[in-house]
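Engineer: Below is the structure I would like to discuss, written out as structure tokens.
All of the numbers you see were taken from the coordinates with simple rules; none came from a lab. Since this is a predicted model, take the numbers as computed values, not measurements. Ideal geometry is used to build each Cβ from the backbone, glycine not excepted, and the neighbour counts take in all protein chains shown.
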Amino acid sequence: METEESEDLIILAIKGAGIQPGLHAGISESGDVYLPGDIHPLGSASALLAAARMYVPYVAVSAVQVLYPADWLRAECTHDYDRLRVIGNMEELVRRGQ
């Protein structure tokens with residue numbers, strides 16, 4: 001018998017200059033930050049396929065927006081310093097906003 005672990009996720013809306021409205025992020029009870037799949041180097045659709053294949057937990061906020069663990073996104077972006085900087089900045093915003 002398989003069991004799934006779950007925990008609550010606090011969803012936050014991120015707004016600011018140059019950020020499209022409706023951008024979401026989240027933080028779990030254990031402190032894991034979840035960020036939008038658009039950050040993934042191959043885009044959100046490819047992120048969903050890769051996460052499912054690798055059994056990475058994700059959270060669907062809407063039909064088109066999915067959140068992934070920041071650590072997993074960071075590992076997927078190790079070659080792209082700009083994306084790593086965005087991940088770090090967004091993670092800091094989420095941690096301060098909880």
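Engineer: Taking only segment 49-72 into account, find how many residues are part of a loop (DSSP other than H, G, I, E, B) and exposed (fewer than 14 other Cβ atoms within 10 Å of the Cβ).
Structural biologist: Matching residues across segment 49-72 total 5.
Engineer: Still on this structure: Can you run down the residue pairs with Cβ atoms below 6 Å, 6 or more apart or on separate chains, where the first is in segment 57-68 and more than 12 Å from Ala13 (Cβ to Cβ) and the partner is in a loop (DSSP other than H, G, I, E, B) and among the hydroxyl-bearing types (Ser, Thr, Tyr)?
Structural biologist: Val66/Tyr58; Tyr68/Tyr58
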